[in-house]
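Visitor: The structure under discussion is supplied below as structure tokens; questions concerning it will follow.
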Amino acid sequence: MVTLKGEQIYLRALEQRDLDFLYKIENNTKVWEVSGTVTPYSKDVLQLYLDSAHRDIYDVKQLRLVICTNEYNTVGLIDVFDFEPNHNRAGIGIVVLDEAQRNKGIGAEAIALLCNYLFDVLGLKQVYANILEENAPSLHLFKKMGFQEIGIKKDWVRFKDTYKNEVLLQKINN
């Protein structure tokens, strides 16, 4: 049985009450480098996104889940993107907003829950993640969760006046 609840966190769908949290994450310039964001989002635009967040992953090719502690505190987001049902693959990304909540197993548990869902419910064969080469904590996390480095995209991400390498990691469900 697949569940989206772990020992210390659970994953849930976006709700209207997440507007302020989304606003905080999407307008956090520290996250822009990895998310590809270059302009701020208004609450009106984010509300439109929330209004359509119920749409099926097979329709919109993406899924965003909220990471909550078992005490019902919202701590982050985990995303599925580039969902390719024909090829049974998708990309995943994660952000735990509060740095004090990092390195406590939350990210590992969220990735494990999401991968179980993607492999067991959606029947995916593989998932991948794109992580900046300099982001040692994320690289460590994904490798710990069974992702293998399969390549480096040179000068892949431009942020301000510099180009950075991005590591491609992949986990195949055998």
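Visitor: Here are ILE152, ILE131: which of them is under 26 Å from GLN8 (Cα atoms) and of a type in the set (Val, Ile, Thr)?
Guide: Just one listed residue meets the conditions, ILE131.
Visitor: So which of ASN28, ASN103 is at pLDDT below 95 and out of contact with any helix residue (DSSP H, G or I) (no Cβ under 8 Å at 6 or more places or on another chain)?
Guide: Checking each option against the conditions leaves just ASN28.
Visitor: Please indicate, with yes or no, whether at least one residue in the stretch 43-53 is β-branched (Val, Ile, Thr) and in contact with a strand residue (DSSP E or B) (Cβ under 9 Å, 6 or more places away or on another chain).
Guide: Looking for residues that are β-branched (Val, Ile, Thr) and in contact with a strand residue (DSSP E or B) (Cβ under 9 Å, 6 or more places away or on another chain), one finds none in the stretch 43-53, hence no.
Visitor: Can you pull out the residues in the stretch 115-167 that are part of a loop (DSSP other than H, G, I, E, B), touching a Leu at 6+ places or on another chain (Cβ under 8 Å) and of a type in the set (A, V, I, L, M)?
Guide: Scanning the stretch 115-167 gives a single hit, LEU124.
Visitor: Sticking with this one: Here is a check on your reading of the model: is VAL60 free of Cβ contacts under 8 Å to residues at least 40 places away in the same chain, within 22 Å of SER138 (Cα to Cα) and loosely packed, with under 15 Cβ neighbours inside 10 Å?
Guide: So VAL60 fails the test.
Visitor: Now a separate question. Quick check on my filter: what residues within the stretch 1-18 are modelled with pLDDT of 90 or more and not aliphatic (A, V, I, L, M)?
Guide: LYS5, GLY6, GLU7, GLN8, TYR10, ARG12, GLU15, GLN16, ARG17, ASP18
Visitor: Follow-up question, since we're still on this one. Looking at (1) more than 17 Å from the chain's Cα centre (by Cα); (2) closer than 19 Å to VAL96 by Cα; (3) of a type outside the set (A, V, I, L, M, F, W, C), can you tell me which one ASP18 breaks?
Guide: Just one mismatch for ASP18, condition (1).
Visitor: Something else about it: Check off (1) exposed (fewer than 14 other Cβ atoms within 10 Å of the Cβ); (2) touching a residue at least 40 places away in the same chain (Cβ under 8 Å) for HIS87 and give me the number that stays unchecked.
Guide: Only one criterion in (1) exposed (fewer than 14 other Cβ atoms within 10 Å of the Cβ); (2) touching a residue at least 40 places away in the same chain (Cβ under 8 Å) is unmet by HIS87, namely (2).
Visitor: Just one of (1) assigned to a loop (DSSP other than H, G, I, E, B); (2) modelled with pLDDT under 90 trips up PHE21, so point out which.
Guide: (1) is the only condition that PHE21 fails.
Visitor: So, in the stretch 1-23, of the ones that are out of contact with any strand residue (DSSP E or B) (no Cβ under 9 Å at 6 or more places or on another chain) and surrounded by 14 or more Cβ atoms within 10 Å (Cβ to Cβ), which residue ends up nearest to ILE131 (Cα to Cα)?
Guide: TYR23
Visitor: Now for a separate question. Would you say ILE131 is surrounded by fewer than 16 Cβ atoms within 10 Å (Cβ to Cβ) and of a type in the set (A, V, I, L, M)?
Guide: Considered against the rule, which asks whether it is surrounded by fewer than 16 Cβ atoms within 10 Å (Cβ to Cβ) and of a type in the set (A, V, I, L, M), ILE131 comes out as no.
The values are calculated or read from the model by the stated rules, or taken from the named source; none is laboratory data. Since we're looking at a predicted model, the values are computed, not measured. So basically every Cβ, Gly included, is an ideal-geometry build from the backbone, and we count neighbours across all protein chains shown.
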